[in-house]
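K.L.:
Input: one structure, supplied below.
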Amino acid sequence: MSTRSTRLARMGRPASGWANTPIVKGSTYLFDSLEHWRDARRLRDTQRVLSYGARGNETLHALEDALTELEGGFRSQLFPTGLAAIAATLLACLKAGDHVLITEGVYEPVKRLCATQLANYGISHSYFSARDPHWERHLRPETRMVYAESPGSLLYDMLDLPAMARVCRPRGIVLCADNTWGSGLAYQPLALGCDISVVAATKYLGGHSDVMMGAVTASQAYFEAIENVSINLGQTVSADDAFLVLRGLRTLDLRMQRHAQSALEIARWLAGQPAVKTVFHPALPGDPNHDLWRRDAQGGNGLLTIEFDPGLPGAAIEAAIDRLQLFGIGSSWGGYESLVLPVDPARTRYAGQAVAPGYLLRLHIGLEDPADLTHDLDTLLKALSTLSPQQAIA
Ligand SMILES: *Cc1c(COP(=O)(O)O)cnc(C)c1O
C-alpha cells in the first residue's frame, strides 16, 4: 500500500460497507440525551465529533482525511474556494501590526486580498522575487509569515522551500505554500519544511471543471487557528461538492501523469517553433527551474506558458488564438480540457521589470490526444508565420 496510486484508491473510504463514501446532508444532529449533547460540545473543541452541520459530516470528514494523507499534515480543513482557504490561512496566522512576505509570482487575487482587506486590518505585506538569492533581507522584525507559491502562477518559478524553512523556523515565522500546482501529488510542501499547505481543489483534485473548493492542511501547531477561522466565519462546503472532489481523487494520479506527459511533449515541440521565443515549464530541460523541479517535485502537470517572438504584433496573435478549435478561452485549469489565457505582463513583474517583452500565453494541456492539440497549435503558429515582414513589425 505504499505507492500513491494504491493509496489514492483507498483513502477517505468507509471502513466497511459502501465502497464510496455516501453524501451526507444535514444541519441538525440529534443526541439521545442532554449528557451526550454536552459531551459532544465539550469534545468538539479538541476533537472531530459530529455536532452540527457547519462543523462537518461524514462526507466532509472523509475528504479531509484523504487530503491530510495526501499532503502529509496533522489535519485538513475544507473551504468553499481556493481563495477562501488562502484568506482563512492569512487571517488565522496574522494580526494587526504583523507583516507577511509574499512571492511575486503569487496567484493574482492574493495581491488584491492583501492590498485591500488585510491592509484594513493593519496587516502589511511586501513581495520578493523567487530569483533573489538574498531574499531574507526582505524579512522585517514584524514578519510573521512567508507566503510562498511554488511553482508560482504563470511562470512557474520554484522556491528552495527547505532552505527557506531553515531561515523561517528559528525566527518563529510560519512558512505557508500554495500547493495548487502540485495538488498533493507532484509536490509536497509540508515534507519540504512548510507549516501549512493550501490547495485549490477546484483545479486537479476536482479535475472535471465542475466544482469549487479549497483546502488547508497544516501541522499540529497551526491547525487549531485555521479551524477557528472556519468556525468563526461560518465557512463550510456542501457534501455534494466534497463527494465530487473525493471522486476526482480516485483518478488524480492517472490524470496528472497524462497532463504532465502531454504538456512536456507539447512544450518540447513549442520550444522548436520559430514564432515561440520562450517556453516556461519546469519539467522541460533548460527551464531555469528544472534543477529544483528534479530535486523537489515528483511529477509535472499540464501547465505551460509561452512567450511569442516579441516582433509579432499582439493583435495578430489574438486573432489566431480566437481561431483555436480545441483550446477553450477561460479562467482556471486542472480540469480534463485544454485552455488558453493571455498573461497580463503588468501582473508578472519581477523586481519592477517586465519578465518577457513578447506576448505571453498560458496553456493548460488537457486529456485530449496531444497530437490533436499540437495540430491545433500548429494552425495558430502557421497563421503567424504568413504575416508579411511589415505586418510582423507593425
Ligand atoms: C485557482 C487558484 C487558486 C484559487 O482557487 P479558487 O478555487 O478559484 O478560488 C489559488 N491558487 C492558485 C495557484 C490557483 O491557481
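The values are calculated or read from the model by the stated rules, or taken from the named source; none is laboratory data. For clarity, every value in this text was computed on a predicted model and none was experimentally measured. In this analysis, Cβ positions are derived from the backbone assuming ideal geometry, glycine residues included, and neighbour counts consider all displayed protein chains. Each accessible area value is taken on the protein alone, full model and side chains, heavy atoms only, with ligands, DNA and RNA left out. Shrake-Rupley method; radii C 1.70, N 1.55, O 1.52, S 1.80 Å.
K.L.:
What's the number of the condition Tyr127 fails, among (1) within 16 Å of the ligand (Cβ to nearest atom); (2) open to solvent by 40 Å² or more (accessible area, probe 1.4 Å); (3) closer than 28 Å to Leu292 by Cβ; (4) under 17 Å from the mean Cα position of the chain (by Cα)?
P.N.:
(4)
K.L.:
For the condition farther than 22 Å from Ser183 by Cβ, in contact with a helix residue (DSSP H, G or I) (Cβ under 8 Å, 6 or more places away or on another chain) and aromatic (Phe, Trp, Tyr), what is the one hit in Tyr336, Tyr359?
P.N.:
Within the list Tyr336, Tyr359, the selection yields Tyr359.
K.L.:
A further question follows. Could you pull out every one of the strands (runs of 3 or more DSSP E) wholly within region 73-170 that has 3 or more residues that are within 21 Å of Gly206 (Cα to Cα) and not basic (Lys, Arg)?
P.N.:
75-79
K.L.:
From the list Glu58, Glu71, Glu108, Glu64, which residue is among the acidic types (Asp, Glu), at pLDDT 95 or above and open to solvent by 30 Å² or more (accessible area, probe 1.4 Å)?
P.N.:
Glu58
K.L.:
Could I ask something else about it? Taking the residues in region 21-42 that are open to solvent by less than 90 Å² (accessible area, probe 1.4 Å) and under 33 Å from the mean Cα position of the chain (by Cα) as candidates, determine which candidate is farthest from Asp240 (Cα to Cα).
P.N.:
Among residues in region 21-42 that are open to solvent by less than 90 Å² (accessible area, probe 1.4 Å) and under 33 Å from the mean Cα position of the chain (by Cα), the one farthest from Asp240 (Cα to Cα) is Ser27.
K.L.:
Does Leu205 meet the test of being within 14 Å of the ligand (Cβ to nearest atom), open to solvent by less than 10 Å² (accessible area, probe 1.4 Å) and either over 17 Å from Leu78 (Cα atoms) or in contact with a Ser or Thr (Cβ under 7 Å, 6 or more places away or on another chain) (or both)?
P.N.:
Yes: the conditions hold for Leu205.
K.L.:
While we're on this one: Taking the condition surrounded by fewer than 20 Cβ atoms within 10 Å (Cβ to Cβ), within 16 Å of Glu224 (Cβ to Cβ) and among the basic types (Lys, Arg), does Arg48 pass?
P.N.:
When the stated conditions are applied, Arg48 passes them.
K.L.:
Those residues that are under 13 Å from Ala148 (Cβ atoms) and in a loop (DSSP other than H, G, I, E, B), I need them from region 178-209; list them, please.
P.N.:
Asn179, Thr180, Trp181, Gly182, Tyr187, Pro189, Leu190, Leu192, Gly193, Cys194, Asp195
K.L.:
Considering only residues that are open to solvent by 20 Å² or more (accessible area, probe 1.4 Å) and farther than 14 Å from Ile226 by Cβ, which ones fall in region 74-103?
P.N.:
Residues satisfying the conditions are Pro80, Thr81, Leu83, Lys95, Ala96, Gly97.
K.L.:
What do you reckon, is Leu284 without any contact (Cβ under 8 Å) to a residue 24 or more places away in the chain and either within 16 Å of the ligand (Cβ to nearest atom) or not in a helix (DSSP H, G or I) (or both)?
P.N.:
yes
Every residue, every condition in (1) within 12 Å of the ligand (Cβ to nearest atom); (2) of a type in the set (A, V, I, L, M); (3) touching a Pro at 6+ places or on another chain (Cβ under 6 Å), yes or no:
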site	(1), (2), (3)
Leu113	yes, yes, no
Thr116	no, no, no
Arg131	no, no, no
Leu139	no, yes, no
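K.L.:
For the structure I just gave you, tell me whether Ala148 is under 23 Å from Thr305 (Cα atoms) and without any contact (Cβ under 8 Å) to a residue 40 or more places away in the chain.
P.N.:
No.
K.L.:
May I ask you to say which residue of Leu139, Leu118, Leu113 is open to solvent by less than 20 Å² (accessible area, probe 1.4 Å), farther than 25 Å from Leu185 by Cβ and free of Cβ contacts under 8 Å to residues at least 60 places away in the same chain?
P.N.:
Leu118
K.L.:
Condition check: assigned to a loop (DSSP other than H, G, I, E, B), open to solvent by 10 Å² or more (accessible area, probe 1.4 Å), modelled with pLDDT of 95 or more and over 23 Å from Ala371 (Cβ atoms). Does Gly299 satisfy that?
P.N.:
no
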